[in-house]
Amino acid sequence: MRKFVGERAKRLIANNTIASVVKLNHHHTPCSPNYYSNRSHLRRLPSSLYSPISSYSIMASTPPVTVESLNPKVLKCEYAVRGEIVTVAQKLQQDLQENPGSHPFEEILYCNIGNPQHLGQKPITFFREVLALCDHPVLLDKNETMGLFSADSIKRASSILDQIPGRATGAYSHSQGIKGLRDTIAAGIEARDGFPADPNDIFLTDGASPGVHMMMQLLIRSENDGILCPIPQYPLYSASIALHGGTLVRYYLDEATGWGLEVSELKKQLEAAKEKGITVRALVAINPGNPTGQVLAEENQRQIVDFCKEEGLVLLADEVYQENIYAPDKKFHSFKKICRAMGYGEKDIPLVSFQSVSKGYHGECGKRGGYMEVTGFSSEVRQQFYKVASVNLCSNITGQILASLVMSPPKVGDESYDAYMSERDGILESLARRAKLRRCELQQSRGAMYLFPNIRLPDKAIKAAEDAKKAADAYYALRLLDATGVVVVPGSGFGQVPGSWHFRCTILPQEDKIPAIVSRLTDFHKQFMDEFHITYKAARYILWKL
(Lines give C-alpha, C1' and ligand atoms only; values in the text may rest on other atoms or scores of the structure.)
Protein backbone atom coordinates (compact mmCIF):
# COMPACT_ATOMS: atom_id res chain seq x y z
CA MET A 1 0.00 0.00 0.00
CA ARG A 2 2.80 2.43 0.97
CA LYS A 3 4.64 1.64 -2.27
CA PHE A 4 1.50 2.28 -4.31
CA VAL A 5 0.86 5.64 -2.63
CA GLY A 6 4.50 6.66 -3.08
CA GLU A 7 4.53 5.81 -6.80
CA ARG A 8 1.23 7.65 -7.34
CA ALA A 9 2.64 10.74 -5.63
CA LYS A 10 5.71 10.67 -7.87
CA ARG A 11 3.51 10.45 -11.02
CA LEU A 12 1.37 13.39 -9.87
CA ILE A 13 4.46 15.52 -9.22
CA ALA A 14 5.93 14.61 -12.61
CA ASN A 15 2.70 15.38 -14.47
CA ASN A 16 2.29 18.70 -12.69
CA THR A 17 5.88 19.62 -13.59
CA ILE A 18 5.27 18.73 -17.26
CA ALA A 19 2.09 20.81 -17.29
CA SER A 20 3.97 23.76 -15.87
CA VAL A 21 6.61 23.53 -18.60
CA VAL A 22 4.04 23.11 -21.33
CA LYS A 23 2.26 26.28 -20.26
CA LEU A 24 5.38 28.13 -21.28
CA ASN A 25 4.71 27.15 -24.91
CA HIS A 26 2.45 29.93 -26.23
CA HIS A 27 1.53 27.92 -29.36
CA HIS A 28 -0.29 25.24 -27.36
CA THR A 29 -2.42 26.22 -24.40
CA PRO A 30 -5.10 24.32 -22.51
CA CYS A 31 -7.79 26.43 -24.21
CA SER A 32 -6.66 25.36 -27.71
CA PRO A 33 -9.04 22.79 -29.27
CA ASN A 34 -6.10 20.75 -30.49
CA TYR A 35 -4.38 20.74 -27.15
CA TYR A 36 -5.56 17.40 -25.84
CA SER A 37 -5.87 15.72 -29.26
CA ASN A 38 -2.49 16.79 -30.57
CA ARG A 39 0.28 16.30 -28.01
CA SER A 40 3.08 16.19 -30.57
CA HIS A 41 4.65 19.31 -29.07
CA LEU A 42 5.48 17.28 -26.01
CA ARG A 43 7.84 15.21 -28.10
CA ARG A 44 10.11 18.28 -28.25
CA LEU A 45 10.55 18.14 -24.48
CA PRO A 46 13.51 16.15 -23.14
CA SER A 47 12.60 12.61 -22.31
CA SER A 48 14.21 12.99 -18.91
CA LEU A 49 11.43 15.39 -18.03
CA TYR A 50 9.05 12.51 -17.55
CA SER A 51 11.24 11.06 -14.81
CA PRO A 52 10.02 11.78 -11.26
CA ILE A 53 13.66 12.15 -10.20
CA SER A 54 14.29 14.86 -12.80
CA SER A 55 11.21 16.71 -11.63
CA TYR A 56 12.73 16.92 -8.18
CA SER A 57 15.96 18.22 -9.74
CA ILE A 58 14.08 20.95 -11.58
CA MET A 59 12.36 22.09 -8.42
CA ALA A 60 15.65 22.08 -6.49
CA SER A 61 17.75 23.74 -9.22
CA THR A 62 17.41 27.15 -7.57
CA PRO A 63 18.94 27.13 -4.05
CA PRO A 64 16.67 28.59 -1.37
CA VAL A 65 19.41 31.00 -0.23
CA THR A 66 21.75 32.92 -2.51
CA VAL A 67 24.11 35.80 -1.83
CA GLU A 68 21.63 38.09 -3.57
CA SER A 69 18.81 36.99 -1.25
CA LEU A 70 20.78 37.64 1.96
CA ASN A 71 20.16 40.63 4.20
CA PRO A 72 21.75 43.57 2.31
CA LYS A 73 23.03 44.96 5.62
CA VAL A 74 25.21 41.84 5.97
CA LEU A 75 26.54 42.27 2.43
CA LYS A 76 27.41 45.89 3.18
CA CYS A 77 29.27 44.95 6.38
CA GLU A 78 33.06 44.49 6.18
CA TYR A 79 35.62 43.48 8.82
CA ALA A 80 39.14 43.89 7.48
CA VAL A 81 40.95 42.44 10.49
CA ARG A 82 39.81 38.96 9.45
CA GLY A 83 39.25 39.62 5.77
CA GLU A 84 40.91 38.46 2.55
CA ILE A 85 44.48 38.78 3.87
CA VAL A 86 43.84 36.30 6.68
CA THR A 87 42.07 33.86 4.37
CA VAL A 88 45.10 33.85 2.06
CA ALA A 89 47.43 33.49 5.06
CA GLN A 90 45.55 30.43 6.29
CA LYS A 91 45.86 28.79 2.88
CA LEU A 92 49.58 29.51 2.85
CA GLN A 93 49.91 28.04 6.34
CA GLN A 94 48.17 24.85 5.24
CA ASP A 95 50.42 24.71 2.19
CA LEU A 96 53.51 25.02 4.40
CA GLN A 97 52.29 22.15 6.57
CA GLU A 98 51.60 19.90 3.59
CA ASN A 99 54.59 21.00 1.49
CA PRO A 100 57.46 22.23 3.70
CA GLY A 101 59.86 24.50 1.85
CA SER A 102 57.28 25.49 -0.76
CA HIS A 103 57.55 29.19 0.12
CA PRO A 104 60.43 31.56 0.89
CA PHE A 105 59.49 31.54 4.61
CA GLU A 106 58.99 28.81 7.20
CA GLU A 107 56.04 30.20 9.14
CA ILE A 108 53.16 32.67 8.97
CA LEU A 109 53.56 35.56 11.40
CA TYR A 110 50.13 36.91 12.29
CA CYS A 111 50.60 40.61 12.99
CA ASN A 112 47.06 41.43 11.92
CA ILE A 113 45.13 41.19 15.17
CA GLY A 114 45.56 41.96 18.88
CA ASN A 115 45.69 38.32 19.99
CA PRO A 116 48.57 38.24 22.51
CA GLN A 117 48.52 34.62 23.67
CA HIS A 118 48.40 33.35 20.08
CA LEU A 119 51.76 35.08 19.63
CA GLY A 120 53.33 33.64 22.78
CA GLN A 121 52.26 35.88 25.68
CA LYS A 122 51.74 33.88 28.88
CA PRO A 123 48.58 34.28 30.99
CA ILE A 124 48.70 35.77 34.49
CA THR A 125 49.12 32.89 36.96
CA PHE A 126 46.78 34.28 39.64
CA PHE A 127 43.96 34.71 37.12
CA ARG A 128 44.31 31.16 35.82
CA GLU A 129 44.51 29.63 39.29
CA VAL A 130 41.26 31.30 40.32
CA LEU A 131 39.54 30.23 37.09
CA ALA A 132 40.70 26.62 37.52
CA LEU A 133 39.37 26.44 41.07
CA CYS A 134 36.06 28.04 40.11
CA ASP A 135 35.57 25.69 37.16
CA HIS A 136 36.46 22.60 39.24
CA PRO A 137 35.51 23.49 42.84
CA VAL A 138 36.08 19.93 44.05
CA LEU A 139 39.77 20.91 44.13
CA LEU A 140 39.02 23.19 47.07
CA ASP A 141 38.30 20.12 49.18
CA LYS A 142 41.57 18.31 48.40
CA ASN A 143 44.55 18.48 50.76
CA GLU A 144 47.11 18.77 47.97
CA THR A 145 45.47 21.96 46.63
CA MET A 146 47.28 24.09 49.21
CA GLY A 147 50.58 22.97 47.72
CA LEU A 148 49.55 23.65 44.13
CA PHE A 149 47.67 26.95 44.42
CA SER A 150 48.40 30.18 46.28
CA ALA A 151 46.40 30.88 49.41
CA ASP A 152 44.87 34.07 47.99
CA SER A 153 43.75 32.36 44.78
CA ILE A 154 42.01 29.70 46.91
CA LYS A 155 40.38 32.38 49.03
CA ARG A 156 39.29 34.41 45.99
CA ALA A 157 37.84 31.36 44.22
CA SER A 158 35.86 30.38 47.32
CA SER A 159 34.49 33.90 47.62
CA ILE A 160 33.49 34.03 43.95
CA LEU A 161 31.78 30.63 44.09
CA ASP A 162 29.72 31.83 47.05
CA GLN A 163 28.40 34.62 44.79
CA ILE A 164 27.38 32.28 41.95
CA PRO A 165 23.92 30.67 42.18
CA GLY A 166 24.50 26.94 42.65
CA ARG A 167 28.27 27.54 42.93
CA ALA A 168 28.47 26.40 39.29
CA THR A 169 30.21 28.25 36.45
CA GLY A 170 28.09 26.26 33.99
CA ALA A 171 24.85 27.91 35.13
CA TYR A 172 23.16 31.01 33.74
CA SER A 173 23.56 34.23 35.71
CA HIS A 174 21.66 37.50 35.98
CA SER A 175 21.50 39.07 32.49
CA GLN A 176 23.72 41.98 33.59
CA GLY A 177 26.17 39.56 35.18
CA ILE A 178 26.68 38.10 38.66
CA LYS A 179 25.89 40.80 41.22
CA GLY A 180 28.91 40.09 43.44
CA LEU A 181 31.27 40.37 40.47
CA ARG A 182 29.66 43.65 39.43
CA ASP A 183 30.22 44.89 42.98
CA THR A 184 33.92 44.06 42.63
CA ILE A 185 34.18 45.79 39.24
CA ALA A 186 32.38 48.89 40.52
CA ALA A 187 34.84 49.07 43.44
CA GLY A 188 37.72 48.80 40.94
CA ILE A 189 36.33 51.62 38.81
CA GLU A 190 35.88 53.80 41.90
CA ALA A 191 39.48 53.13 42.99
CA ARG A 192 40.73 53.98 39.48
CA ASP A 193 38.74 57.21 39.00
CA GLY A 194 38.20 58.53 42.50
CA PHE A 195 34.46 58.85 41.87
CA PRO A 196 31.59 56.54 42.90
CA ALA A 197 30.53 53.67 40.65
CA ASP A 198 27.22 51.79 40.84
CA PRO A 199 27.20 48.01 40.14
CA ASN A 200 23.73 48.47 38.64
CA ASP A 201 25.33 50.59 35.90
CA ILE A 202 27.49 47.65 34.80
CA PHE A 203 26.59 45.12 32.10
CA LEU A 204 29.04 42.21 31.84
CA THR A 205 29.59 41.19 28.22
CA ASP A 206 31.49 38.62 26.13
CA GLY A 207 34.33 41.03 25.43
CA ALA A 208 33.68 44.66 24.48
CA SER A 209 32.21 43.86 21.05
CA PRO A 210 28.73 42.73 22.20
CA GLY A 211 28.40 45.93 24.20
CA VAL A 212 29.16 47.97 21.08
CA HIS A 213 26.61 45.95 19.08
CA MET A 214 24.01 46.45 21.80
CA MET A 215 24.47 50.22 21.74
CA MET A 216 24.17 50.35 17.95
CA GLN A 217 21.06 48.22 18.13
CA LEU A 218 19.54 50.57 20.70
CA LEU A 219 20.51 53.86 19.05
CA ILE A 220 20.12 53.24 15.31
CA ARG A 221 16.56 53.42 14.02
CA SER A 222 17.24 53.76 10.29
CA GLU A 223 19.87 54.83 7.77
CA ASN A 224 18.99 58.40 8.72
CA ASP A 225 20.68 57.87 12.09
CA GLY A 226 24.45 58.38 12.15
CA ILE A 227 27.33 57.61 14.50
CA LEU A 228 30.43 59.84 14.54
CA CYS A 229 33.52 57.60 14.36
CA PRO A 230 37.22 58.43 14.17
CA ILE A 231 39.06 57.70 10.95
CA PRO A 232 41.15 55.57 11.13
CA GLN A 233 38.80 53.45 13.28
CA TYR A 234 38.52 49.91 14.54
CA PRO A 235 36.36 48.12 11.91
CA LEU A 236 34.02 46.81 14.62
CA TYR A 237 32.30 50.20 14.55
CA SER A 238 31.75 50.54 10.82
CA ALA A 239 30.68 46.87 10.66
CA SER A 240 28.23 47.21 13.54
CA ILE A 241 26.75 50.42 12.13
CA ALA A 242 26.25 48.70 8.77
CA LEU A 243 24.66 45.60 10.34
CA HIS A 244 22.16 47.73 12.22
CA GLY A 245 21.32 49.88 9.21
CA GLY A 246 22.83 53.21 10.30
CA THR A 247 25.21 55.67 8.68
CA LEU A 248 28.91 56.00 9.50
CA VAL A 249 29.76 59.68 9.97
CA ARG A 250 33.53 60.00 9.66
CA TYR A 251 35.71 62.47 11.52
CA TYR A 252 39.38 62.43 10.58
CA LEU A 253 42.26 62.28 13.04
CA ASP A 254 45.23 64.48 12.15
CA GLU A 255 48.22 62.30 11.30
CA ALA A 256 50.55 65.30 11.16
CA THR A 257 49.98 65.97 14.88
CA GLY A 258 50.29 62.36 16.00
CA TRP A 259 46.68 61.46 15.16
CA GLY A 260 45.22 64.35 17.13
CA LEU A 261 41.48 64.87 17.49
CA GLU A 262 40.32 68.39 16.65
CA VAL A 263 36.89 69.55 17.86
CA SER A 264 36.67 71.78 14.77
CA GLU A 265 36.71 68.59 12.68
CA LEU A 266 33.90 67.13 14.81
CA LYS A 267 31.77 70.23 14.23
CA LYS A 268 32.49 70.23 10.50
CA GLN A 269 31.45 66.60 10.04
CA LEU A 270 28.39 66.97 12.27
CA GLU A 271 27.11 69.92 10.22
CA ALA A 272 27.80 68.07 6.97
CA ALA A 273 25.78 65.09 8.24
CA LYS A 274 22.87 67.35 9.25
CA GLU A 275 22.81 68.89 5.77
CA LYS A 276 22.33 65.38 4.38
CA GLY A 277 19.36 64.78 6.68
CA ILE A 278 21.28 62.51 9.04
CA THR A 279 20.53 62.64 12.77
CA VAL A 280 23.80 61.98 14.60
CA ARG A 281 23.08 59.99 17.76
CA ALA A 282 26.50 59.30 19.28
CA LEU A 283 30.24 59.92 19.10
CA VAL A 284 32.82 57.14 19.37
CA ALA A 285 36.13 57.98 21.06
CA ILE A 286 38.83 55.28 21.14
CA ASN A 287 41.43 56.00 23.82
CA PRO A 288 44.16 54.80 23.54
CA GLY A 289 43.64 54.67 19.81
CA ASN A 290 43.19 51.65 17.58
CA PRO A 291 44.85 51.44 15.07
CA THR A 292 46.77 54.66 15.64
CA GLY A 293 48.06 54.22 19.23
CA GLN A 294 47.55 57.85 20.26
CA VAL A 295 46.62 58.77 23.86
CA LEU A 296 44.21 61.67 24.32
CA ALA A 297 45.26 64.59 26.50
CA GLU A 298 42.95 65.60 29.36
CA GLU A 299 42.16 68.95 27.74
CA ASN A 300 41.22 67.20 24.51
CA GLN A 301 38.92 64.86 26.45
CA ARG A 302 37.22 67.82 28.15
CA GLN A 303 36.59 69.37 24.74
CA ILE A 304 35.01 66.13 23.54
CA VAL A 305 32.78 65.93 26.61
CA ASP A 306 31.61 69.54 26.15
CA PHE A 307 30.95 68.89 22.46
CA CYS A 308 28.77 65.85 23.25
CA LYS A 309 26.91 67.81 25.93
CA GLU A 310 26.25 70.77 23.63
CA GLU A 311 25.11 68.60 20.73
CA GLY A 312 23.11 66.10 22.77
CA LEU A 313 25.22 63.10 21.74
CA VAL A 314 25.82 59.82 23.55
CA LEU A 315 29.55 59.43 24.23
CA LEU A 316 30.74 55.89 23.46
CA ALA A 317 34.16 55.54 25.12
CA ASP A 318 36.24 52.59 23.92
CA GLU A 319 38.82 52.21 26.71
CA VAL A 320 39.95 48.62 26.25
CA TYR A 321 43.65 49.60 25.97
CA GLN A 322 43.73 51.63 29.18
CA GLU A 323 46.69 49.64 30.61
CA ASN A 324 48.63 49.85 27.32
CA ILE A 325 50.38 53.22 27.54
CA TYR A 326 54.10 53.38 26.78
CA ALA A 327 54.97 57.09 26.61
CA PRO A 328 56.21 58.41 29.99
CA ASP A 329 54.47 61.76 29.41
CA LYS A 330 51.08 60.15 28.79
CA LYS A 331 48.51 58.83 31.26
CA PHE A 332 45.09 57.22 30.88
CA HIS A 333 42.06 59.09 32.19
CA SER A 334 38.64 57.52 31.76
CA PHE A 335 35.95 59.68 30.20
CA LYS A 336 33.80 59.06 33.25
CA LYS A 337 36.50 60.56 35.47
CA ILE A 338 36.78 63.54 33.11
CA CYS A 339 32.99 64.06 33.15
CA ARG A 340 32.77 63.95 36.95
CA ALA A 341 35.81 66.21 37.37
CA MET A 342 34.10 68.74 35.06
CA GLY A 343 31.06 68.75 37.33
CA TYR A 344 28.76 66.64 35.16
CA GLY A 345 26.70 64.32 37.34
CA GLU A 346 24.97 60.99 36.76
CA LYS A 347 22.10 62.52 34.78
CA ASP A 348 23.95 65.24 32.89
CA ILE A 349 25.54 63.37 30.01
CA PRO A 350 24.86 59.90 28.54
CA LEU A 351 28.11 57.95 28.63
CA VAL A 352 28.90 54.29 27.85
CA SER A 353 32.41 53.05 28.68
CA PHE A 354 33.74 49.74 27.30
CA GLN A 355 36.43 47.53 28.86
CA SER A 356 37.72 44.07 27.92
CA VAL A 357 39.94 41.31 29.33
CA SER A 358 41.30 40.69 25.81
CA LYS A 359 43.81 43.56 25.84
CA GLY A 360 45.89 45.27 28.53
CA TYR A 361 48.56 43.01 30.00
CA HIS A 362 46.16 40.08 30.46
CA GLY A 363 45.44 39.32 26.78
CA GLU A 364 42.70 36.77 27.54
CA CYS A 365 41.01 37.10 24.13
CA GLY A 366 39.56 33.60 24.03
CA LYS A 367 37.91 33.89 27.44
CA ARG A 368 35.57 36.60 26.08
CA GLY A 369 35.15 38.81 29.10
CA GLY A 370 34.37 42.50 29.41
CA TYR A 371 31.84 45.04 30.56
CA MET A 372 30.19 48.31 29.72
CA GLU A 373 29.39 50.95 32.32
CA VAL A 374 26.22 52.86 31.40
CA THR A 375 25.49 56.25 32.99
CA GLY A 376 23.30 59.24 32.18
CA PHE A 377 20.20 57.40 30.93
CA SER A 378 16.65 57.45 32.35
CA SER A 379 15.23 54.42 34.15
CA GLU A 380 12.85 53.86 31.22
CA VAL A 381 15.76 53.69 28.78
CA ARG A 382 17.72 51.47 31.17
CA GLN A 383 14.85 48.99 31.12
CA GLN A 384 15.31 48.68 27.36
CA PHE A 385 19.04 48.08 27.89
CA TYR A 386 18.19 45.25 30.23
CA LYS A 387 15.61 43.80 27.84
CA VAL A 388 18.15 43.58 25.02
CA ALA A 389 20.74 42.05 27.37
CA SER A 390 18.22 39.47 28.58
CA VAL A 391 17.59 38.24 25.03
CA ASN A 392 21.09 36.73 25.18
CA LEU A 393 20.43 35.42 28.72
CA CYS A 394 23.90 36.28 30.06
CA SER A 395 27.55 36.54 29.15
CA ASN A 396 29.81 33.55 29.83
CA ILE A 397 30.71 33.06 33.50
CA THR A 398 34.44 32.54 32.96
CA GLY A 399 34.64 35.92 31.23
CA GLN A 400 32.64 37.51 34.04
CA ILE A 401 35.07 36.14 36.65
CA LEU A 402 38.08 37.36 34.65
CA ALA A 403 36.60 40.86 34.33
CA SER A 404 36.31 41.03 38.12
CA LEU A 405 39.89 39.78 38.57
CA VAL A 406 41.27 42.37 36.14
CA MET A 407 39.57 45.14 38.13
CA SER A 408 40.65 43.64 41.47
CA PRO A 409 44.07 41.94 41.13
CA PRO A 410 46.25 40.81 44.08
CA LYS A 411 47.14 43.53 46.57
CA VAL A 412 50.20 44.20 48.71
CA GLY A 413 50.45 41.46 51.35
CA ASP A 414 48.72 38.79 49.25
CA GLU A 415 50.78 35.68 48.57
CA SER A 416 50.44 36.16 44.78
CA TYR A 417 51.25 39.86 44.76
CA ASP A 418 54.97 39.71 43.96
CA ALA A 419 54.53 37.09 41.23
CA TYR A 420 51.58 39.00 39.79
CA MET A 421 53.51 42.30 39.65
CA SER A 422 56.51 40.58 38.08
CA GLU A 423 54.35 39.01 35.35
CA ARG A 424 52.33 42.19 34.71
CA ASP A 425 55.33 44.53 34.60
CA GLY A 426 57.31 42.09 32.48
CA ILE A 427 54.58 42.04 29.83
CA LEU A 428 54.03 45.81 29.81
CA GLU A 429 57.75 46.60 29.73
CA SER A 430 58.27 44.22 26.83
CA LEU A 431 55.37 45.81 24.94
CA ALA A 432 56.88 49.24 25.58
CA ARG A 433 60.19 48.13 24.07
CA ARG A 434 58.41 46.72 21.03
CA ALA A 435 56.41 49.94 20.63
CA LYS A 436 59.57 52.04 20.11
CA LEU A 437 59.93 52.21 16.37
CA ARG A 438 61.95 54.73 14.43
CA ARG A 439 61.00 55.58 10.91
CA CYS A 440 60.58 58.47 8.54
CA GLU A 441 56.84 58.14 8.05
CA LEU A 442 55.77 56.39 11.28
CA GLN A 443 54.64 57.86 14.58
CA GLN A 444 55.91 55.94 17.59
CA SER A 445 53.11 54.00 19.25
CA ARG A 446 52.21 55.73 22.52
CA GLY A 447 49.52 53.24 23.45
CA ALA A 448 47.42 50.21 22.48
CA MET A 449 49.10 47.33 20.59
CA TYR A 450 49.59 48.59 17.04
CA LEU A 451 51.63 50.60 14.57
CA PHE A 452 49.99 52.32 11.62
CA PRO A 453 52.76 53.34 9.20
CA ASN A 454 52.14 55.57 6.22
CA ILE A 455 53.41 53.92 3.03
CA ARG A 456 54.06 56.24 0.08
CA LEU A 457 53.32 54.11 -2.94
CA PRO A 458 54.49 55.08 -6.44
CA ASP A 459 51.93 55.67 -9.19
CA LYS A 460 52.98 52.50 -11.00
CA ALA A 461 52.21 50.41 -7.92
CA ILE A 462 48.83 52.09 -7.53
CA LYS A 463 48.09 51.34 -11.20
CA ALA A 464 49.09 47.69 -10.68
CA ALA A 465 46.70 47.52 -7.75
CA GLU A 466 43.89 48.98 -9.84
CA ASP A 467 44.53 46.38 -12.55
CA ALA A 468 44.29 43.70 -9.85
CA LYS A 469 41.06 45.31 -8.60
CA LYS A 470 42.57 45.92 -5.16
CA ALA A 471 43.07 48.95 -2.96
CA ALA A 472 46.71 49.97 -3.22
CA ASP A 473 47.54 49.13 0.42
CA ALA A 474 45.67 45.81 0.15
CA TYR A 475 47.78 44.99 -2.91
CA TYR A 476 50.90 45.89 -0.93
CA ALA A 477 49.81 43.73 2.04
CA LEU A 478 49.05 40.73 -0.17
CA ARG A 479 52.43 41.02 -1.87
CA LEU A 480 54.10 41.35 1.55
CA LEU A 481 52.35 38.20 2.76
CA ASP A 482 53.29 36.21 -0.34
CA ALA A 483 56.93 37.25 -0.09
CA THR A 484 57.52 37.15 3.68
CA GLY A 485 54.68 35.33 5.47
CA VAL A 486 54.00 38.46 7.56
CA VAL A 487 50.28 39.23 7.94
CA VAL A 488 49.27 42.89 8.30
CA VAL A 489 45.95 44.67 7.68
CA PRO A 490 45.66 47.30 4.92
CA GLY A 491 44.80 50.77 6.17
CA SER A 492 41.84 50.95 3.79
CA GLY A 493 40.08 48.51 6.14
CA PHE A 494 40.24 51.13 8.94
CA GLY A 495 39.58 54.21 6.85
CA GLN A 496 42.14 56.88 5.97
CA VAL A 497 42.42 60.24 4.27
CA PRO A 498 41.78 59.64 0.53
CA GLY A 499 45.04 59.29 -1.36
CA SER A 500 47.02 58.08 1.67
CA TRP A 501 47.99 54.48 2.28
CA HIS A 502 48.80 52.62 5.50
CA PHE A 503 48.86 49.21 7.10
CA ARG A 504 48.27 48.12 10.69
CA CYS A 505 50.80 45.85 12.35
CA THR A 506 50.64 44.60 15.93
CA ILE A 507 53.61 44.90 18.28
CA LEU A 508 52.71 41.53 19.82
CA PRO A 509 55.19 39.04 18.31
CA GLN A 510 57.70 38.00 20.94
CA GLU A 511 60.88 40.05 21.11
CA ASP A 512 63.13 37.30 19.79
CA LYS A 513 61.10 37.30 16.54
CA ILE A 514 61.13 41.06 16.06
CA PRO A 515 64.50 41.30 14.25
CA ALA A 516 63.37 38.74 11.67
CA ILE A 517 60.08 40.55 11.09
CA VAL A 518 61.82 43.91 10.67
CA SER A 519 64.33 42.36 8.30
CA ARG A 520 61.56 40.82 6.19
CA LEU A 521 59.60 44.08 6.09
CA THR A 522 62.67 46.12 5.16
CA ASP A 523 63.84 43.76 2.40
CA PHE A 524 60.35 43.46 0.95
CA HIS A 525 59.76 47.21 0.95
CA LYS A 526 63.03 47.86 -0.88
CA GLN A 527 62.27 45.17 -3.47
CA PHE A 528 58.72 46.43 -3.92
CA MET A 529 59.91 50.00 -4.51
CA ASP A 530 62.69 48.83 -6.84
CA GLU A 531 60.15 46.83 -8.83
CA PHE A 532 58.19 50.00 -9.49
CA HIS A 533 61.36 52.04 -10.16
CA ILE A 534 61.41 53.97 -6.90
CA THR A 535 64.44 53.94 -4.63
CA TYR A 536 64.41 55.17 -1.04
CA LYS A 537 67.33 55.48 1.32
CA ALA A 538 67.57 52.96 4.11
CA ALA A 539 66.62 55.69 6.56
CA ARG A 540 63.11 55.69 5.11
CA TYR A 541 62.52 52.07 5.98
CA ILE A 542 60.83 50.91 9.12
CA LEU A 543 63.51 50.23 11.73
CA TRP A 544 62.97 48.63 15.08
CA LYS A 545 64.72 50.04 18.12
CA LEU A 546 65.02 47.53 20.94
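The values are calculated or read from the model by the stated rules, or taken from the named source; none is laboratory data. All of these numbers come straight from a predicted model, not from anything done at the bench. Glycine gets a Cβ as well: all are built from the backbone with ideal geometry, and neighbour counts include every protein chain shown. To get the accessible areas, we keep the full protein, side chains included, count just its heavy atoms, and leave off ligands, DNA and RNA. Shrake-Rupley method; radii C 1.70, N 1.55, O 1.52, S 1.80 Å.
If R0 is 45 Å, what FRET efficiency do you get for A419 and D95 from their C-beta distance, rounded to 0.05?
On the way: r = 42 Å, r/R0 = 0.93.
Step by step, r from the Cβ atoms, then E = 0.60.
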Would you please name the GluC sites (Glu not before Pro) within the range 257-325 that are DSSP coil residues with at most 16 other C-beta atoms within 10 Å of their C-beta? E262
How far is the Cα center of the range 471-519 from the Cα center of the range 332-374, in Å? 30
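Within a Cβ distance under 15 Å of I220, other residues only, what is the Lys/Arg minus Asp/Glu net charge?
Numbers: positive: K73, K76, R221, R281; negative: E223, D225.
The answer is +2.
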Alpha-carbon centroid distance for the pair the range 206-221 / the range 285-304, whole angstrom: 21
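Please give the contour-minus-distance gain from E310 to A168: 0.36 nm per residue of separation, less the Cα-Cα distance, rounded to one decimal in nm.
Working: separation 142, 0.36 × 142 = 51.12 nm, distance 4.71 nm.
Stretched out fully, the E310 to A168 stretch lengthens by 46.4 nm.
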Between S408 and S158, what is 0.36 nm times their sequence separation minus the Cα-Cα distance? Round to one decimal in nm. 88.5 nm
Any idea how far apart T279 and A151 come out in nm if each label point goes 7 Å out from Cα toward Cβ? 6.0
Starting from the Cα gyration tensor of the range 346-456, take the square roots of the eigenvalues, sort them a ≥ b ≥ c, and report rounded, prolate or oblate (rounded when a/c is under 1.5, otherwise prolate if a/b is larger than b/c, else oblate). oblate
Report, for the range 213-288, the % of DSSP beta bridges that are antiparallel, rounded to 5. 10
Relative to the Cα centre, what is the charge dipole magnitude of the range 323-438, using +1 at the beta carbon of each Lys and Arg, -1 at the beta carbon of each Asp and Glu, and rounding to the nearest 20 debye? 480
Do any trypsin sites (Lys or Arg not before Pro) in the range 250-334 lie in a loop, going by DSSP, with at most 13 other beta-carbon atoms within 10 Å of their beta carbon, and if so which? K276, K331
Using a cut-off of 12 Å between beta-carbons, work out the net charge of the residues near F126 (Lys and Arg +1, Asp and Glu -1, F126 not included). -1
Linear extension gain, E271 paired with L75, 0.36 nm per residue minus alpha-carbon span: 67.7 nm
Tell me whether the range 286-415 comes out rounded, prolate or oblate; compute the Cα gyration tensor, take square roots of the eigenvalues as a ≥ b ≥ c, and use a/c under 1.5 as the rounded threshold. oblate
Which distance in nm do the two modelled labels at H118 and S102 give, with both placed 7 Å along the Cα-to-Cβ direction? 2.2
Would you check the accessible area of Y110, probe 1.4 Å, heavy atoms only, in square angstrom rounded to 10? 30
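Once the Cβ-Cβ distance between S222 and D512 is put in as r, and R0 is 41 Å, what FRET efficiency do you end up with, to the nearest 0.05? If you can, show how the numbers build up before the last one.
Details: r = 52 Å, r/R0 = 1.27.
FRET efficiency, S222 to D512: 0.20.
Which order, highest average first, do 495-501, 236-242, 283-289 follow once you tally other Cβ atoms within 10 Å for each residue and take the mean per peptide?
Working: 495-501: 16.0, 236-242: 22.3, 283-289: 25.3.
Ranking, from highest mean packing down: 283-289, 236-242, 495-501.
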R0 of 41 Å, Cβ-Cβ distance M342-N392: FRET efficiency to nearest 0.05: 0.75
Gyration tensor on Cα atoms of the range 205-335, a ≥ b ≥ c root eigenvalues, a/c under 1.5 rounded, else prolate if a/b beats b/c, else oblate, says oblate
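Of all GluC sites (Glu not before Pro) in the range 334-374, which ones are in loop regions per DSSP and have a Cβ with at most 16 other Cβ atoms within 10 Å? Don't skip to the answer; put the middle values down first.
On the way: sites: E346, E364, E373; in loops: E346, E364.
Hits after loop and neighbour filter: E346.
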Under 14 Å between alpha carbons, and skipping anything fewer than 8 positions from K76 in its own chain: which aspartates and glutamates qualify? E68, E223
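Measure up K336/K359; K179/K331; K336/K387 against 22 Å on the Cα-Cα distance and list the ones that go over.
Values: K336/K359 20 Å; K179/K331 31 Å; K336/K387 24 Å.
From K336/K359; K179/K331; K336/K387, over 22 Å: K179/K331; K336/K387.
Going by average Cβ density within 10 Å per residue, which order do the peptides 69-79, 146-156, 164-174 take, highest to lowest?
Values: 69-79: 11.9, 146-156: 16.8, 164-174: 14.1.
Result, highest mean first: 146-156, 164-174, 69-79.
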